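Participant: Sending over a structure as C-alpha cells; questions will come in a sec.
The values are calculated or read from the model by the stated rules, or taken from the named source; none is laboratory data. These numbers were taken from a predicted model, which means no experiment stands behind them. Here the Cβ positions follow ideal geometry from the backbone for every residue, glycine too, while neighbour counts run over all protein chains shown. SASA here: full protein model, heavy atoms, side chains in, ligands and nucleic acids out. Shrake-Rupley method; radii C 1.70, N 1.55, O 1.52, S 1.80 Å.
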Amino acid sequence: MVNPVPGSVLAVMAHPDDAELWAGGTLALHAAHAPVAIAVATHEEIRNAEARAGAKILGASLRLLEELTPATVHRLLLELRPDIVITHPVRDVHPAHRHAAESVLAALPEAVIATGRPARVYTCDTYNSLTLDGPVAASVIVDVTATFATKMAALREHASQPIEHHFGPMAEHLGRLWGARIGARYAEAFTPLPVLGRLPAAAHL
C-alpha cells in the first residue's frame, strides 16, 4: 500500500554541502510533511556551521557524526527509524561519497530486521550525473520546481565552498536537465536500492 503523504527522511552524506546539492529540493518537499534529518561526518567548525544553516533553510535537523561508519549509521537508523534513506551512488566518482554509501549499505540489514525501517532507500545524483559505471540511471525523478529556490538558498550558505562559480551552476544545470525529462522546470534524480531484496511501490520518495 502506498502512503499518500511523503515519509520521514534520513540523508546520509559525505560532505556538509552534499544534501543541499544533490537532494535539497526533495528534502525541502518532504520537510513540509514529515521529519527530515541530514547526517554528515563532522568537519572544521566553519563547515559545520554552514551545514547547520543549510539544514535549517531546508527545514531539516542536522546530525554531525564523529565519523561516518556502519556502526554510527546503524545507531542513527535505530534511533530515527526513517521511512526513507538517501545516500550517494554506490559507484560515485568521489571516494568519500562511495564510503558514505558503503556505510549505509552495511548498516541497513540489521536495522531493517530490527525496526522494519527504512522501507525505501535511494541514491542521489552526482557530478554531472556520471558515476564510475557511466550515467546515473535514475528511475525516480522528483519535481522540485516549488522548492528549488529554497535548495539554492541552502546551498549558498556553504560560502567556504566554490558555490557561485562551480556547484551553483552545476545544480542549476542538473535541475533543468532532470526537469526537462518530466516536463518540469526543475527536478532531482534518484535511484532506488533494494532493501532486503524488496523495492516497495511508491508514489514519491
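Participant: Not counting ligands, DNA or RNA, and with a 1.4 Å probe, what is Ser139's accessible surface area in Å² rounded to the nearest 10?
Facilitator: Roll a 1.4 Å probe over it and Ser139 shows about 90 Å².
Participant: Considering only protein heavy atoms and a 1.4 Å probe, what is the carbon-and-sulfur percentage of the accessible area of the range 96-188?
Facilitator: On the way: 2350 of 4330 Å².
In the range 96-188, the share of accessible area belonging to carbon and sulfur is 54 percent.
Participant: For Glu67, tell me the accessible area in Å² from a 1.4 Å probe, rounded to the nearest 10.
Facilitator: Glu67 has an accessible surface of roughly 110 Å² with all protein chains in place.
Participant: Using Cα springs under 10 Å in a Gaussian network model of the chain, which residue among Gly25, Gly183, Gly168 shows the largest mean-square fluctuation?
Facilitator: Looking only at Gly25, Gly183, Gly168, the largest GNM fluctuation is found for Gly183.
Participant: In the set [x] 11.5; [y] 10.2; [z] 16.3, which value of mean projected area of the Cα convex hull in nm² was calculated from the structure you see?
Facilitator: Answer label, from the structure shown: [y].
Participant: A further question follows. Just tell me, in residue order, which DSSP H segments of the chain are both 18 angstrom or longer along the helix axis (alpha-carbon based) and at least -0.5 in mean Kyte-Doolittle hydropathy. Intermediate values should be presented prior to the final figure.
Facilitator: Numbers: long enough: 45-58 (20 Å, -0.27); 95-115 (30 Å, 0.50); 168-182 (22 Å, -0.12).
Correct list, ordered by number: 45-58, 95-115, 168-182.
Participant: Quick one: among His88, His99, His166, which has the greatest mean-square fluctuation in a GNM of the chain with alpha-carbon springs under 10 angstrom?
Facilitator: Greatest mean-square fluctuation among the candidates belongs to His166.
Participant: Oh, and also: Go through Leu130, Leu29 and list them by solvent-accessible area, largest first, probe radius 1.4 Å.
Facilitator: Numbers: Leu130 90, Leu29 55 Å².
From most accessible down to least: Leu130, Leu29.
Participant: Here is a follow-up. Could you do me a favour and compute the accessible area per residue for the range 9-192, 1.4 Å probe, result in Å²? If you can, show how the numbers build up before the last one.
Facilitator: Details: 7590 Å² over 184 residues.
Solvent-accessible surface per residue comes out at 41 Å².
Participant: Here is a follow-up. Residues of the range 5-30 with backbone nitrogen within less than 17 Å of a virtual label 7 Å along the Cα-to-Cβ line of Ala159, please, listed as ranges.
Facilitator: What the label zone holds, given the 17 Å backbone N cut-off, is 17.
Participant: Provide the percentage of antiparallel DSSP beta bridges, counting only those with both residues in the range 9-192; round to the nearest 5.
Facilitator: 30
Participant: With a 1.4 Å probe and all protein chains kept in place, how do Arg81, Arg176 rank by accessible area, largest first? If you can, show how the numbers build up before the last one.
Facilitator: Details: Arg81 130, Arg176 105 Å².
Result of the area sort, largest leading: Arg81, Arg176.
Participant: Same structure, new question: Looking at the chain as a GNM with Cα springs under 10 Å, which of Ala39, Ala119, Ala28 has the largest mean-square fluctuation?
Facilitator: Ala119
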